[in-house]
1. Has region A:37-56 got at least one residue that is near DNA strand D (Cβ under 10 Å from one of its atoms), within 14 Å of chain B (Cβ to nearest Cβ) and among the β-branched types (Val, Ile, Thr)?
2. Against the condition of a type in the set (S, T, N, Q) and either in a loop (DSSP other than H, G, I, E, B) or within 16 Å of DNA strand D (Cβ to nearest atom) (or both), how does A:Ser97 come out, does it pass?
3. Read through the list (1) closer than 30 Å to B:Asn138 by Cα; (2) assigned to a helix (DSSP H, G or I), then give the number of the only condition that B:Lys16 fails.
4. How do the pairs read when you match residues in region A:1-25 that are at pLDDT 95 or above with residues anywhere that are within 10 Å of DNA strand D (Cβ to nearest atom) and in a helix (DSSP H, G or I), using Cβ under 6 Å and keeping only pairs 6 or more apart or on different chains?
5. Does region A:155-193 hold any residues that are more than 9 Å from chain B (Cβ to nearest Cβ) and outside any helix (DSSP H, G or I), and which are they?
6. Do the conditions hold for A:Ile56, that is, is it surrounded by 15 or more Cβ atoms within 10 Å (Cβ to Cβ) and either assigned to a helix (DSSP H, G or I) or at pLDDT 95 or above (or both)?
7. Among residues belonging to region A:57-92 that are away from DNA strand D (no atom under 14 Å from the Cβ) and within 14 Å of chain B (Cβ to nearest Cβ), point out the one that is nearest to A:Gln128 (Cα to Cα).
8. Against the definition (within 16 Å of DNA strand D (Cβ to nearest atom), within 14 Å of another protein chain (Cβ to nearest Cβ) and either surrounded by 15 or more Cβ atoms within 10 Å (Cβ to Cβ) or in a helix (DSSP H, G or I) (or both)), how does B:Leu28 come out, yes or no?
Protein chains: 2
Amino acid sequence: MPKLGMEPIRRAALVKATIDEIGAAGSLDVTVSQIAKRAGMSSALAHHYFGGKEQIFLAAMRHTLAVYAAEVRGALAMASDPFERIEAIVRAGFGSSNFRREVIAAWLNFYVLAQQSTEARRLLNTYQKRLHSNLAYNLRPLVGGRADSVAERIGGLIDGLYLREVLGDRTANGNAAAAHVLAVIELEIGQGQ
Amino acid sequence: MPKLGMEPIRRAALVKATIDEIGAAGSLDVTVSQIAKRAGMSSALAHHYFGGKEQIFLAAMRHTLAVYAAEVRGALAMASDPFERIEAIVRAGFGSSNFRREVIAAWLNFYVLAQQSTEARRLLNTYQKRLHSNLAYNLRPLVGGRADSVAERIGGLIDGLYLREVLGDRTANGNAAAAHVLAVIELEIGQGQ
DNA sequence: GGTTTTGTTGATTGACGAGTCAATTAACGA
DNA sequence: TCGTTAATTGACTCGTCAATCAACAAAACC
């Protein structure tokens, strides 16, 4: 019963199913059939639309990164001064959506994927750089010439605390982590230009 | 041609081969046969000594973590005051041995493994906690009651900057990262008890 | 009304992989 | 010297999986 215009629907369903499946497995060790089944279609159709497993993964990665970028943009839009914007970036990073099982698994596995696929690495670098320049731009009024260097530290701190939260044995607590980051930012600002 | 007492030799060879193979593949997607071949034996022997693939991985993880712990201990032994000891921990984390391809792949993949295997997660937590208490202990004379909280930040910063270095497009530069961490530590110390 | 395009799948292919096992070899101990 | 034990492997089982293909269905187009 082929309705036309299915392609975007199928693609979206497959991307979602891929992320969910990776989340359930905790690894990239998921089969095209599992993904297709979860998305309600045959594996042949998944191949038809994406060409192969690797491209399905890359699409899932693009989607995950795009969602994150959108969250950051949304948070930025509601902030009115540099400090608020920095705070928004930090809080977006530790928002509850980033602590959902599938999202955690996606990030960790995309780090691994970046080791194997140059395309995956490129995607990751693009988003990291975007985040860095967002931070640096808004830090400039606060710490002047040190902005770039401070942004590097803050960016690393966000990633590292996120990692520790999701790998820790306690349930992840984004608020405590965000508070840590903000504490360091205050210190850096107190240091002056 | 069975020489006796081969077990420890075989086990060590398999652990080494596992890490190398993971490094070459960039993922845990390596076969027992590949590992065994690299270690110069049949896959049946690998199964004989380790029982299964998962246990081979866990042994490789234990080894990686143990090497790291030994590096930290070595660096600590040469330091004489709290600040030097903290510096030693930081520099050990960014030592050149941690930027070898296999070691990078090992860490990233062990993060993923920690999602699937409670034993892997336990191992990771143990080492993270050890590092945390090392930091906190030596920070106490410098920042007093804030030691625990500062140690949390510094630990996260180390992990995060390491991640950014190894995932970045440039060649990894541990020195710059270590300098960033030390800069934050100085800020925290300047803040007083 | 017929042909092209789009959607869809079951069946198949060709390959690989984890784990088992029976059998072989050599050292060791009594 | 002979049974016991450690070391070792080739061959095999049973399962899986990515990718392909032939074929069918329905909409759109002319």
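1. Filtering region A:37-56 down to residues near DNA strand D (Cβ under 10 Å from one of its atoms) leaves A:42-48, A:50-56.
Subsequent filtering for residues that are within 14 Å of chain B (Cβ to nearest Cβ) retains A:53-54.
With among the β-branched types (Val, Ile, Thr) added as a condition, the list becomes none.
No, region A:37-56 contains no residue that is near DNA strand D (Cβ under 10 Å from one of its atoms), within 14 Å of chain B (Cβ to nearest Cβ) and among the β-branched types (Val, Ile, Thr).
2. The answer is no for A:Ser97.
3. The single condition B:Lys16 does not satisfy is (1).
4. A:Leu14/A:Ala46; A:Ala17/A:Ile35; A:Thr18/A:Ile35; A:Thr18/A:Ile56; A:Glu21/A:Gln34; A:Glu21/A:Ile35
5. Residues satisfying the conditions are A:Arg170, A:Thr171, A:Ala172, A:Asn173, A:Gly192, A:Gln193.
6. Details: surrounded by 15 or more Cβ atoms within 10 Å (Cβ to Cβ): yes; either assigned to a helix (DSSP H, G or I) or at pLDDT 95 or above (or both): yes.
Spelling it out, A:Ile56 is indeed surrounded by 15 or more Cβ atoms within 10 Å (Cβ to Cβ) and either assigned to a helix (DSSP H, G or I) or at pLDDT 95 or above (or both).
7. A:Leu65
8. Working: within 16 Å of DNA strand D (Cβ to nearest atom): yes; within 14 Å of another protein chain (Cβ to nearest Cβ): yes; either surrounded by 15 or more Cβ atoms within 10 Å (Cβ to Cβ) or in a helix (DSSP H, G or I) (or both): yes.
Yes: the conditions hold for B:Leu28.
The values are calculated or read from the model by the stated rules, or taken from the named source; none is laboratory data. These numbers were taken from a predicted model, which means no experiment stands behind them. With ideal geometry, Cβ positions are generated from the backbone for all residues, glycine too; neighbour counts draw on all protein chains shown.
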